[in-house]
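The values are calculated or read from the model by the stated rules, or taken from the named source; none is laboratory data. Bear in mind the structure is a predicted one, so any value in this text is a computation, not a measurement. Methodologically, a virtual Cβ is constructed for each residue, glycine included, from the backbone with ideal geometry; neighbour enumeration extends over all protein chains shown. Accessible surface areas use protein heavy atoms only, side chains included; no ligands, DNA or RNA. Shrake-Rupley method; radii C 1.70, N 1.55, O 1.52, S 1.80 Å.
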Amino acid sequence: MPRMADQRKTQPTRDRTSRSIRPRREIDRFESLVSELSAAMTRASAHEVDREIELWLGKISQALGLDRSGIYERDSSSDPVRTTHTWKRPNIPPLPRDFDPGKVLKRTTEYVLAGNQLVFSSPTGVPAELTDARDFVAQYGLKASAIIPMWAGDQVIGAAGFDRFRAAREWPSKLLDQLTLAVRLFGSAIERKQSEIALQAARSELRIASRRNMMSQLVASLVHEINQPLGAILSNLGGVTRLLSQKNTEPAMALAAVSDAIEDTKRTAEIIRRVRFMFKGHAERKIAIGIGELVTEVTKLIASEAALRKILMRVEISPFVKRVVGDRVQLQQCVLNLLINAFDAVRDGNSDRREVAITVASEKTGWVRISVCDNGPGIAPSVANRLFEPFVTTKSEGMGLGLLLTRSIVEQHGGRVWAAPNPERGTTFAFTLPIAQRKQSRAAKNHQ
Ligand code: ADP
């Protein structure tokens, strides 16, 4: 207790024995606390880091009989210093909400952020040149403090302050070493948290970029698709013109050419309708969706691709599957990604029968499963553990983004996606989606 520390000063005989033993015990105890802290920081996931740091500021402060502690961060030398984590004893006044050490303690802040510790055991121990710190200590009645720069790698990203108001206290160098280590552990955890946040931001940018990419690929293949019937229409109409100009006496021939042209025009219109449909609502928009119909829609869209590649595509949709709530375009993209991958896989296999089956079935209660099964050569061992990572591809023209995009969409919809080898040949990729609750379904319908 701090009061006892004061009393000890006035009782030299008891003081000598207890003083030499106490700091050692305190240091030993503190050392094991810091190893616990190290383990806790390693375990903490990015979103738990802040909570853990505040918890540990409290544990450290209590273990050392301190009254208030805090962490101050600065992103760069031109940014303001922010108080990011604090702990205090109940009866100790908190720092003002808008406390800005960079302003109130400008010189001291620069001193600490330059990598220097400011440690004093009593108010008179504050270095004379740090006048702002002297004034601050006098104004707030601080008795002892240790302000330690917080390193992350080879950079100071902030500082941690440990204050005592009720009485002075010594800071044995071994204890300070441990405290410095604790602050470094905080710094590393904060750095890890920040880089994970940056990674998440980069991933979402990637998601947007790759979605755009997928879309442009889709457009390219659809333009290709439209060009075919347009060419046929042109040649049929050319034939009709010739027949008419030659005053042809066989109207049946001209009629056949015209009806072919009509059929091709219809096909083109249908393709355009589907493309427009795919682009409609490109921004995320969740509605109640019949997943069976969605899958059928996508399979129709790539039926000609399957025919071109001589792939037998089977579609099995259970009539018992309920609706899901989701973004139509995004879910279409997932199905399309898995189908295109399966098409690529069967092309690479040496089997004379190229087969891809897509199944929509009820999963355990409340879930629906969409599986795409191929009889290709299976997943290459070199990518087997990294399938859902960005830029992992075995294809010369591949981008290695399809599965990443699929997973992120599926997870955004509350489901999960996985791949498993088939017992005989090939692979099955599957994802689950939660079925719409009645209320959701109604709300989504109203939103439509
Ligand atoms: P990309 O198709 O551009 O390569 P993806 O992320 O969609 O990107 O796929 C990553 C890799 O996963 C592919 O290059 C391929 O090696 C593997 N893969 C995906 N689907 C299958 C499949 N059905 N069978 C075997 N390997 C597959």
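Details
- Pairwise FRET efficiency - ASP75 versus SER304, Cβ, R0 = 51 Å, nearest 0.05: 0.45
- Net length available on complete extension from LEU181 to ASP100 is 26.7 nm, with 0.36 nm assigned per residue and the Cα-Cα distance removed.
- Modelled label positions at SER121 and ALA201, each set 7 Å beyond Cα in the direction of Cβ, lie 4.5 nm from each other.
- Using θ = phi - 60° and Karplus 6.51 cos²θ - 1.76 cosθ + 1.60, couplings along region 43-58 (whole Hz; Gly, Pro as x): 6, 5, 7, 3, 7, 9, 4, 4, 4, 4, 4, 5, 4, 6, 4, x
- Computed accessible area, TYR140, all protein chains, 1.4 angstrom probe, square angstrom: 90 Å²
- Percent antiparallel among DSSP beta bridges (both partners in region 314-374, rounded to 5): 65 percent
- Listed by chain and number, the aspartates and glutamates whose C-alpha is less than 14 Å from the C-alpha of LYS174, apart from same-chain residues fewer than 8 away, are GLU26, ASP28, GLU31.
- Cα pair distances in region 19-122, grouped into 10 Å bins until the bin that holds the longest one, percent each: 12, 35, 39, 13, 1
- For the set LYS364, LYS59, LYS103, solvent exposure ranked by accessible area (probe 1.4 Å, protein chains only) runs largest to smallest as LYS103, LYS364, LYS59.
- Alpha carbon centroid spacing (whole Å) that separates region 40-71 from region 139-181: 14 Å
- Along region 366-382 the Karplus relation, 6.51 cos²θ - 1.76 cosθ + 1.60 evaluated at θ = phi - 60°, assigns HN-Hα couplings of x, 10, 10, 10, 10, 10, 10, 10, 10, 10, x, x, x, 7, 5, x, 5 Hz to successive residues, with x for each Gly and Pro.
- Per-residue SASA entry for GLU389, accessible area with 1.4 Å probe, Å² rounded to 10: 90 Å²
- Note on GLN62/SER318: beta-carbon distance plugged into 1/(1 + (r/R0)^6) with R0 of 60 Å gives a FRET efficiency of 0.50.
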